[in-house]
1. Within the stretch B:178-218, which trypsin sites (Lys or Arg not before Pro) sit in a loop by DSSP and count at most 14 neighbouring Cβ atoms inside 10 Å?
2. For A:K29, list the aspartates and glutamates whose Cα falls under 13 Å from its own Cα; do not include residues on the same chain fewer than 8 positions away.
3. Short version: ³J(HN,Hα) in whole Hz for each residue of the stretch B:296-305, in order, from phi by Karplus 6.51 cos²θ - 1.76 cosθ + 1.60 (θ = phi - 60°), x for Gly and Pro, what are they?
4. Using just the helices of the protein assembly as shown, give the 222 nm mean residue ellipticity in deg cm²/dmol: DSSP H runs with n ≥ 4 each add -39,500 (n - 2.57), and the total is spread over all residues, rounded to 500.
5. Along Cα→Cβ, 7 Å out, is where each label goes; now give me the distance between the ones at A:L52 and A:H238 in nm to one decimal.
6. Please report B:M67, B:M321 as a ranked list, fewest other C-beta atoms within 10 angstrom at the top and most at the bottom.
7. Using only Cα atoms, figure out Rg for the stretch B:285-387 and give it as a multiple of 2.2 N^0.38 Å.
8. Taking every residue in A:97-105, how many Cβ atoms of other protein chains lie within 10 Å of its Cβ, on average?
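Bear in mind that the values in this text are calculations on the coordinates, not laboratory data. As the structure is a computational prediction, the values presented were derived from the model and not from experiment. We place every Cβ from the backbone using ideal geometry, glycine too, and count neighbours over all the protein chains shown.
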Amino acid sequence: MKYFVGIDIGSTAIKISVADENKNLIGHKISASGSMFYKYAQEALTELLRELGIDEKEVVYTVATGYGRKLFKEADENISEITANAIGAQQAAKEYGEIKTIINIGGQDSKAISLDAEGNVVNFAMNDRCAAGTGKFLDVVAMNLEIGVDELSDYHFKSKGTPLSISSTCAVFAESEIIGLLGNGHSVEDIISGVHYSIAKRIVKLVKRVGVKENVYFDGGPALNGGLVSAIENELGHKIYVPKHPQITTSYGAAVLACDAFFSESES
Amino acid sequence: MNDEHTIETPKEKQNRHKAMEAIAVLNSLKEDFKSPIKSMDYFYDLFEKVYCRHEPLHEGKTKIGTMCIQIPSEIIYALDGVPIRLCNGFYTDDEIGSDLMPSKSCPLVKATVGLFASDNFTDKPDITFSPTTCDQKTKAGAIIGSLGHTIIDVGFPRTKESEESRHYWRESVKHFAVELSKFQGKKLTRTNLESAIKKVGYAQSLYHKLTDFRKNKIVPILGVDMFLVTNAFFFDKIDGWISAVEKLVAELEQRVIEGVNVVGKASPRIVYTGSPPIFPNYKIPLIIEESDAIIVADETCSSNRMFNDMVAVDEWNLYDMMDSISDKYLKACTCPIFTQNNDRIRRIIQLVRSYKGDGVIYQAFAGCQVYEMEQRSVLAAMEREGIPILYIESDYSPSQQGQLTTRVEAFIESLKNRKRMKK
């Protein structure tokens, strides 16, 4: 059996996906990037293959992507996370429908990608300023409110009042705004839904720069946050599709590309 | 998880956006300052009711929309209508209006157009009157009409010194009264007009009482609160407004006795002029007062210009009253649309003198050509008088907060320095 590996080395996590010859996802792993992501990436891959019972020799092609892709020298090829994300989304949403727009919120950036009918990237936009409105921002918010990131969604839906907007999306300044709001006795629920809407507004502006075409696919770690998903849907005015494993779309795309690359190389 | 929640309709989304804008400003007013005033709660609640909960105030009444300050509310009240001034401060509506207006136009006009375009009013005007003041408002009237709303132009002259202008405007006001009288099916009489003039006049006298407190060394009310009070007059029930301001006056009298100061002793006193701060666009006034200065007076059409000058009636005959009303809205007006506008400069200087202002902050909306153009003559005049002035261009977007704060803070610090040097 031949296997294909996609490895996405991001700012906060390393995501690895393994696909078979039919491009089906057969396993994945997410681990923290930490301080030495090259080493951690190798360890995580070895571990994943062991878990799946795959011999390293059966891995015939590896594609690396993400910020740290060039550090992973064992890869047969490396591609940008934009392309990998597009391919991964197309493949992951096969049963749902044709994806025309992708929203990706990562640890330190956010992207909007527009695809044509063939699934090629026609345009994309990225946030131009720091960590404003990214996964890191949500981490900081949760930390300030002394709750877990995975609890943000529950709090969001419990909000009864008007969402309290955070005017600065700079993670540092937002921190003092949040502390101020808490000090004045505002509810954690309203603060959280306000944070989600502030991020949603920013991301929808980004999406509008590339044009909104349905279907819209949302991935990256923050897509696990149902409150944020609902805020983006409200800002956008229609439904968005969140895959089963939103964190690994890009690495899955890299694995799919590895499969294509292998067979086209062996044909020629 | 995608299917659990329904998606907001465009109107629900617009309402939520506006509620978020409104609550942020109301929270700042309530929480960011020391010694809050109890009777301000009426106004905080009023704005929350209308802009966060979107509850109508005037069900069953005929609402008369006005596009500018020049439409005499006296005549509307005399004819049993409720005046609703449609000058709009919401960024949400500004963004909607941007699709219908050139990109470099005034945010206030764009926001008004946006509100009509979305047709999402808490109190929807049954008919709207548009005085032909600045180019953008004049043309906006046409856009609003093309969207299917009933809007009637009221011709307004661009020169105010000439007798022809005065005559033209008096005819315009009569024309307006005839149109409204037809619409309402009610006659304008000596009695109903007299009592309307007196009621609006009484509201103005309350405003004067409020501003008098700000001449004191110890100021008992913030400029941002004053803006909220005058802003409420745009749409509130006049009787409710009057009794709330009576209570406010009484509380401030008490505060003066007790020596309650809303700012520090050394806080610079600012006279505010230029494009009107209209709720919730209190960006610049909030920055000023959060930077340890206080707005003691203003020369803007959302506040001072609306209340300052009274209708001066010689004889209480219908036609005399009509002429007096017309003159008040033309002669006393210091809008920069006028060719010569030395009255405005005189007014600013007079405010600085009588309210002991340390400096002037002049805000122009980016895209408001007339305020941008008049900046030159006002700055030159202030320099001649030795009055420090800061000119700021801004719009409704929340994005430039940081840069604006730095500029305002630096200006306020320079005023503090000047004060110290003088001593």
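1. Passing sites in the stretch B:178-218 are B:K187, B:K215, B:K217.
2. Excluding near neighbours in sequence, the set is A:D8, A:E43, A:E47, A:E51.
3. Going residue by residue, I get 9, 7, 9, 10, 9, 7, 8, 9, 4, 5 Hz, with x marking Gly and Pro.
4. -15500 deg cm²/dmol
5. According to this spin-label approximation, the distance is 3.5 nm.
6. By the 10 Å Cβ count, ascending: B:M321, B:M67.
7. Normalised by 2.2 N^0.38 Å, the Cα Rg of the stretch B:285-387 equals 1.24.
8. Shielding by partners across A:97-105 averages 0.
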